[in-house]
Amino acid sequence: MKKIRYTKNRATRAYCTAFLSAILLAGFSSPAPQLGAGVASASAREAAQLIMVGGSQFYITIGPGDLSVSRSDLANYAKEAARAVIAYYGNFPVKRIMINFVPTDDDCIGYGSSTYNDDQQTGIVTVEVGKGTTRRNLRSSWTLTHELMHLAFPVVSHHERWLAEGIATYIEPIGRMRIGNLSREEVWGDLLNNLPKGLPRRGERGLHFSRNFDRVYWGGALYCLLADVEIRRRTNNRLGLEDALRSIAKQGGTAASDWEAQDAVKAGDKGIGLDVLTNLYAKMGDQPVYVDVPSYLRRLGVVKSGTGIRFDDKAPLAAIRRAIDGIEEI
Ligand SMILES: [Zn+2]
């Protein structure tokens, strides 16, 4: 059994106050509660509901407890999350996955975790579902997509987790946007609001040394955006971060593998014939890297407007932003 990656509710979308308090009380470095994430035995699979998405088998289990949503609502939640991963990766990089839903007393989706059982060759994702969770909450929840995105990348050591968390944080909304679950405005508006949380504060070092929750997730996401734009700039928008990540998965770099993060970025660069991921990884891991996020996004044509954003398609890198969206213009 591999290390278990726990995800706390990081987004501004659809979180409940009770859960936020739990995060604050738990603190980033405290052990997260056990979620029973280790079970993928043959008998457990027999008891589970099987759905097929994109040629992969998803076994769904629901633990004991009351829920407002039905079994088929949860199956749909799983299907949509899997589709978002496929929209980004082109396929689902792990062939067998067990999704354990664990009912809780909360009003919304809670902790998520992901790991991989080598003996059963099964990716294992566990998500807490509060008894007050509604169908609408499920539709706006990013948690399961985030955890499933993790299965497409190797398990890396703790001080390198900013890379894995950053990737899942950056590509989860893009995948959901591509299947129509999020608008472009929501995705870019969230980046504009949240990426500054990933910037180093005075005296802070590179991302390898950070234990701050926001900095790890959003600093890693900033790495992804910078890498995505740079790959697209250098290839005339022919390739992007997704091509590098797909290549890592194709070379065996999924949750089934324990890799050094450095080897993963090297594999990604090899796949696209560039050195963008490796160089930026070394730089942002070791040193504090400051980026003026609003100015950077303005060059991509993301402009703050009132409480939201608008797009400026005359901005110098607007074509790159549209390529990242990866959805047809209407
Ligand atoms: Zn995560």
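The values are calculated or read from the model by the stated rules, or taken from the named source; none is laboratory data. Predicted, not measured: the structure shown is a model, and the values here were computed from it. FYI the Cβ positions are ideal-geometry reconstructions off the backbone, even for glycines, and counts take in every protein chain you see.
Quick notes on this structure:
- Criterion (of a type outside the set (Ser, Thr, Tyr), crowded, with 18+ Cβ neighbours inside 10 Å, free of Cβ contacts under 8 Å to residues at least 24 places away in the same chain and closer than 21 Å to Glu165 by Cβ) met by exactly one of Ala261, Ala256, Ala249, Ala267: Ala267
- Scanning region 159-176 for any residue that is in contact (Cβ under 8 Å) with a residue 40 or more places away in the chain, surrounded by fewer than 18 Cβ atoms within 10 Å (Cβ to Cβ) and within 16 Å of the ligand (Cβ to nearest atom) turns up at least one such residue.
- Yes/no for Val156 being buried (at least 24 other Cβ atoms within 10 Å of the Cβ) and within 14 Å of the ligand (Cβ to nearest atom): no
- Evaluation of Gly203 against (1) out of contact with any strand residue (DSSP E or B) (no Cβ under 8 Å at 6 or more places or on another chain); (2) outside any helix (DSSP H, G or I); (3) crowded, with 22+ Cβ neighbours inside 10 Å (one fails), failing number: (3)
- Some residue of region 210-228 being touching a strand residue (DSSP E or B) at 6+ places or on another chain (Cβ under 8 Å), buried (at least 21 other Cβ atoms within 10 Å of the Cβ) and part of a loop (DSSP other than H, G, I, E, B): no
- Answer residue from region 111-147, given it is more than 16 Å from the ligand (Cβ to nearest atom) and hydrophobic (A, V, I, L, M, F, W, C) and is nearest to Tyr88 (Cα to Cα) among those: Leu138
- Being assigned to a helix (DSSP H, G or I) and either of a type in the set (S, T, N, Q) or not assigned by TED's automatic domain parsing to the domain that holds Ala261 (or both) is a property that does not hold for Arg176.
- Single residue of region 152-197 satisfying the filter (under 28 Å from Arg96 (Cβ atoms) and out of contact with any helix residue (DSSP H, G or I) (no Cβ under 8 Å at 6 or more places or on another chain)) that is modelled with the lowest pLDDT: His158
- Selection within region 100-137 - surrounded by 17 or more Cβ atoms within 10 Å (Cβ to Cβ), under 22 Å from the mean Cα position of the chain (by Cα) and over 18 Å from Asp73 (Cα atoms): Tyr111, Ser113, Ser114, Thr115, Tyr116, Asn117, Thr122, Gly123, Ile124
- Segments classed as strands (runs of 3 or more DSSP E), wholly inside region 56-153, with at least 1 members that are closer than 23 Å to Asp190 by Cα and not aliphatic (A, V, I, L, M): 109-117
- Selection status of Lys304, in the same structural domain as Phe209 (by TED's automatic domain parsing), in contact (Cβ under 8 Å) with a residue 60 or more places away in the chain, of a type in the set (Lys, Arg) and at negative phi: yes
- Residues in region 60-99 that are crowded, with 19+ Cβ neighbours inside 10 Å and closer than 15 Å to Ala249 by Cβ: 10 in all.
- Some residue of region 212-222 being out of contact with any helix residue (DSSP H, G or I) (no Cβ under 9 Å at 6 or more places or on another chain), away from the ligand (no atom under 15 Å from the Cβ) and assigned by TED's automatic domain parsing to the domain that holds Ala318: no
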